[in-house]
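Everything below concerns the one structure shown next.
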Amino acid sequence: MNWLRKNSEVIILPLIYVVIFLLQKNKILNNYVIQIIMLAGVNIIMTQSLNLVNGMTGQNSIGHAGFMAVGAYVSALFSKIIFNAAAMPPTMQTIFFLLATIAGGIGAAIFGFLIGMPTLRLKGDYLAIVTLGFGEVIRSIIRITPAVGAARGLTGIPKLASLFWIFVFVVITIYICRNYMDSAYGRGCLAIRDNEVAADTMGINTSKYKVQAFVTSAFIAGIAGSMYAHTLRYLHPDVFSYTKSTDFLVYLYAGGVGSISGSILGAFILTALPEVLRFMNEWRLVIYGGLLVIIILFRPVGMFGGKEFAFLKLKTGGIQHIGFSNLFQRKTKKTIVANEEASR
Amino acid sequence: MEKFIQLLVYGLQLGSIYALLAIGYTMVFGIIRMINMAHGDFLMMGSYAVFFIVSLFFADQMLGPAIALFVILAGASITGFIGVGVERIAYKPLRNRPKISSMIAAIGVSLFTQNFFRAIPFIGPNPRTFPKLLKDVLFYVGPIQLSLVRIVVIILSIVIMSVLYFIIMKTTIGMEMRAASCDKDASSLMGINVNRVISATFFIGAGLAAISGAFYANNYPVLTVTMGATLGNKAFIAAVIGGIGDIRGAVLGGFIMGVIEIMISSVYSELAYGISFVVLIIILLLKPEGLLGKPMIEKV
Amino acid sequence: MSILKADHISIQFGGLKAVNDFSLDLEQKELYAIIGPNGAGKTTVFNMLTGIYQPTQGSIYIDGKLMAGCKPYQFTEAGLARTFQNIRLFHGATVLDNVKMAHSFKTDYNFFNMLSRTGKYHAEEKRITEKSMELLEMFDLQDKKNFFANNLPYGEQRKLEIVRALATEPKVILLDEPAAGMNPNEIDDVVSLILRVQKDLGKAILVIEHHMKMVMKIAEYIKVLDFGETISEGTPEKVQNDPKVIEAYLGGHANASRN
Ligand SMILES: Nc1ncnc2c1ncn2[C@@H]1O[C@H](COP(=O)(O)OP(=O)(O)OP(=O)(O)O)[C@@H](O)[C@H]1O
Ligand SMILES: [Mg+2]
């Protein structure tokens, strides 16, 4: 019993899946809603990926959709064009889906390395302009490459992703990001974010830590791309525009930059919200833009105050852990009290 | 050869537009070390402002050069004040926060303005056709066909940039700008009103963006709410190539970008953006501070 | 053999020669001090000795190893640590995390151990946490381990910076004005802390300080800088009575506008 309380994720996570699954089986959630949930899963993965760079390392990537595009197209190339996965028996399909996803991740990671290497060794905000340019260049390359459908888009990608697999990859991504943050690698990145000069003089090879985090982030974005491609079955270069990248930025900052839980909730809620509030359609991006400014100005810790879910068992602080309900970490309560005492 | 000179003129003209836009990026960066991701939208607002002034007051008339200039300057002032307002509301409170915050705020501003303009009915999502401000005259120098308006735009841009250079080097506000870009705290101790200097910077930057928007729209007369995004990115790349923080660098970078883009587009138009991006990466590898920038040593 | 050696180093910023021809030879367990009026170039010397600035002339050796062209983290790997005049803690992290962060480069697990949390990861994390706690206990900060660094009182922030520097297990530690802004009681604490680091932990120390009493009490050897030049050096007694030093300080006070 005690063990269970300590490891509540073993119950919570499968439970979430079973609930969604049962709702789907009993037709309470129709296919459209399920698809929204799957896309929310993709956005959660993307936001986690962005959090590694913008939240944990304090660098500024604003063209992350570019890595997603690479992952999507590479994986689709793998599963549709190189191997015709649609014609395979189901088990083989699963294997090739996983292989395609890994190929997408590796493809994105390679680009992450090529871009991060020259840029991240510099001090300053060069990453922003370089990732922005990268996102646009990838799109123009896709647009002139007939092998991937050029400007017409790539159709007929086998539908290999499912609610189950997206759920699995969301969980794996969260696990990886949690482990990253709570390790010497993550602490190195947090140190760079807080004070790069001090980090350097504490023996942290800043360029190496930044590139590691960036490449990992690109890999995860590539995975999200593969999930996306194999859910929607259709890719178009303009999907991965700058607007797409800013969507992820909004999810991340609204949820709470630096906070794993915040970026999960931000991505999920802001993906679902426009579907619920239909009138938002043409005002969606106006609201998102305004929201971004307001959050940065008045609530830099994000809508959820930088709290972390207890089941993540995070030891290292992304941003301030402030807890007030049992759902959230206990230890942080002490921190708050201690901090209040200190400031008296 | 004729082709080359013609392309060079096109390139210089596009370059002057990039240069005017890049100056805004570089001035703002020089003073508050912030990359204003919404700067391209000042270009968009400027060209819409000019569009509305012309269609309200001078519908279907051909403007003389004096009125055209006046209309452009009016559009520039309106945009300049919007620029000042944006800084006051969205960026000023972030001055002492990590730089990444103000950059993200700027992305929010950009997202907001573009989509707000798209959502409100009297601007809307459909492209508008920009009126011809001046009748173009084509003339020949030997076998080379040239367009008067293009030449005028290049010359006008150079005049404007010279005026700006004069303002910055010779006037009080220019001196205050240079002081503030060296050390904000020290200059405020010396009695310089840093808020005023920053407002002036945004006014000038947004105004120049509006002028470049009018020049751009005069040649490519399609207005859309997102027109500032791509142009802004290219101008930003230009500013980095020239050495961000240095106005002469922005001008140089702008002309380089314009000429490269036109030359490459004449061969393969889809590649132009990609190549300018590759140029950026190469410059960052070889000379990260840009062509005219000085290496910065962070004071510890 | 000397642990930290600076061989005629100079640096220039534009036209300004901030430090000219500075030399230093620091051996195990020695405690040297650098003094001088404001703007004399003391911090600049530290920045060169830690790899933040590259000297325009001269060379630096740590433990006999030539450090030309090395980055600050390589200086730290070679056995050097420092604190900053304007405190540079990792403000978004807790006190304990601040110390753990300084252990990063001595962590013995790789990327895949980290991602999959193997036994090695757990063992190393445990070791790092215990070592960090040990250091915090040694300097009486253990009760505040969950405070955010920027919520500590000023004096303790300075102390935490020293603890954090010690966590890199250096052979030499460079302290930039460790007693700045402190009252006499606190200064006494800092003195005993520095002496403990030197005597009990056996570190060589180089300290910049403006509190003359304190410097004279702890330093074995003093270098005096003025306008980037080394105008005097030697034992505290010798330096104290050097007319050049007295003049530099008086001149510095009489002409406050020069920094
Ligand atoms: N990165 C830099 N660029 C230009 N000048 C610099 C730089 N770093 C230091 N200086 C200059 O070098 C001189 C020495 O500065 P430094 O900070 O070393 O003095 P200091 O002796 O530590 O003074 P204080 O006692 O006030 O700390 C000063 O004139 C300073 O302005
Ligand atoms: Mg100093």
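Among the residues making up segment B:263-288, those that are open to solvent by 40 Å² or more (accessible area, probe 1.4 Å), touching a residue at least 12 places away in the same chain (Cβ under 8 Å) and more than 10 Å from chain A (Cβ to nearest Cβ) are B:MET263, B:SER266. Being more than 16 Å from ligand 1 (Cβ to nearest atom) and either in contact (Cβ under 8 Å) with a residue 60 or more places away in the chain or surrounded by fewer than 19 Cβ atoms within 10 Å (Cβ to Cβ) (or both) is a property that C:ASN183 has. Pairs meeting the criteria (first residue in segment A:190-213 and facing another protein chain (nearest Cβ under 7 Å) and closer than 18 Å to A:ILE260 by Cα, second residue open to solvent by 10 Å² or more (accessible area, probe 1.4 Å) and aromatic (Phe, Trp, Tyr), beta carbons under 9 Å, at least 6 apart or on different chains) are A:ALA191/A:TYR209. Residues considered: C:VAL95, C:VAL99, C:VAL19. Of these, the only one that is open to solvent by less than 40 Å² (accessible area, probe 1.4 Å) and within 16 Å of ligand 1 (Cβ to nearest atom) is C:VAL19. Name the residues in segment A:258-285 that are modelled with pLDDT of 90 or more, buried (at least 17 other Cβ atoms within 10 Å of the Cβ) and not polar (S, T, N, Q), would you? Across segment A:258-285, the qualifying residues are A:ILE260, A:GLY262, A:ILE264, A:LEU265, A:GLY266, A:ALA267, A:PHE268, A:LEU270.
Given the options B:GLY245, B:GLY254, B:GLY249, B:GLY258, name the one that is farther than 18 Å from B:VAL153 by Cα, out of contact with any Asp or Glu (no Cβ under 7 Å at 6 or more places or on another chain) and open to solvent by less than 30 Å² (accessible area, probe 1.4 Å). Working first, answer last.
Working: B:GLY245 fails: open to solvent by less than 30 Å² (accessible area, probe 1.4 Å); B:GLY254 fails: farther than 18 Å from B:VAL153 by Cα; B:GLY258 fails: farther than 18 Å from B:VAL153 by Cα.
It is B:GLY249.
What residue, among those in segment B:289-298 that are at the interface with chain A (Cβ under 10 Å from one of its Cβ atoms) and within 11 Å of ligand 1 (Cβ to nearest atom), is most open to solvent (accessible area, probe 1.4 Å)? Give the steps one after another, and end with the answer.
Here is the first cut: in segment B:289-298, the residues at the interface with chain A (Cβ under 10 Å from one of its Cβ atoms) are B:289, B:296, B:298.
Next, from what is left, pick out any that are within 11 Å of ligand 1 (Cβ to nearest atom): B:296, B:298.
On the way: B:MET296: 146, B:GLU298: 96 Å².
It comes out as B:MET296.
For the structure I just gave you, tell me whether C:ILE205 is under 16 Å from C:GLU177 (Cα atoms) and at pLDDT 90 or above. Show your work before the answer.
Working: under 16 Å from C:GLU177 (Cα atoms): yes; at pLDDT 90 or above: yes.
So C:ILE205 fits the description; yes.
Can you pull out every residue in segment B:138-162 that is β-branched (Val, Ile, Thr) and open to solvent by 70 Å² or more (accessible area, probe 1.4 Å)?
Result: B:VAL141, B:ILE155, B:ILE158, B:VAL159.
Applying the criterion of being among the hydroxyl-bearing types (Ser, Thr, Tyr) and facing chain A (nearest Cβ under 7 Å) to the residues of segment C:80-114, the residue that is farthest from C:GLU209 (Cα to Cα) is C:THR107.
Can you find even one residue in segment C:37-54 that is more than 16 Å from ligand 2 (Cβ to nearest atom) and either on the phi < 0 side of the Ramachandran plot or in contact (Cβ under 8 Å) with a residue 24 or more places away in the chain (or both)? Checked against the condition, which is being more than 16 Å from ligand 2 (Cβ to nearest atom) and either on the phi < 0 side of the Ramachandran plot or in contact (Cβ under 8 Å) with a residue 24 or more places away in the chain (or both), segment C:37-54 yields at least one hit.
When you scan segment A:167-189, how many residues do you find that are among the basic types (Lys, Arg) and either surrounded by fewer than 24 Cβ atoms within 10 Å (Cβ to Cβ) or more than 9 Å from chain C (Cβ to nearest Cβ) (or both)? Spell out the reasoning first.
Step one: filter segment A:167-189 for residues among the basic types (Lys, Arg), giving A:178, A:187.
Then keep just the ones that are either surrounded by fewer than 24 Cβ atoms within 10 Å (Cβ to Cβ) or more than 9 Å from chain C (Cβ to nearest Cβ) (or both); that gives A:178.
The total comes to 1.
Of the residues making up segment A:277-317, those that are farther than 12 Å from A:ALA254 by Cα and aromatic (Phe, Trp, Tyr) are A:PHE279, A:TRP283, A:PHE309, A:PHE311. Among the residues making up segment B:103-148, a single one is within 14 Å of A:ILE296 (Cα to Cα) and more than 8 Å from chain A (Cβ to nearest Cβ): B:ALA106.
Residues are listed down the side, and each one gets a yes or a no for (1) facing chain B (nearest Cβ under 10 Å); (2) open to solvent by less than 10 Å² (accessible area, probe 1.4 Å):
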{"site": "A:ALA69", "(1), (2)": "no, yes"}
{"site": "A:PHE78", "(1), (2)": "no, no"}
{"site": "A:MET88", "(1), (2)": "no, no"}
{"site": "A:GLN93", "(1), (2)": "no, no"}
{"site": "A:THR119", "(1), (2)": "yes, yes"}
{"site": "A:VAL130", "(1), (2)": "yes, yes"}
{"site": "A:ILE142", "(1), (2)": "no, no"}
{"site": "A:PRO146", "(1), (2)": "no, no"}
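The values are calculated or read from the model by the stated rules, or taken from the named source; none is laboratory data. Small disclaimer: the values here were computed from a predicted structure and weren't measured. FYI the Cβ positions are ideal-geometry reconstructions off the backbone, even for glycines, and counts take in every protein chain you see. In case anyone asks, the SASA skips ligands and DNA or RNA and just uses the protein heavy atoms, side chains included. Shrake-Rupley method; radii C 1.70, N 1.55, O 1.52, S 1.80 Å.
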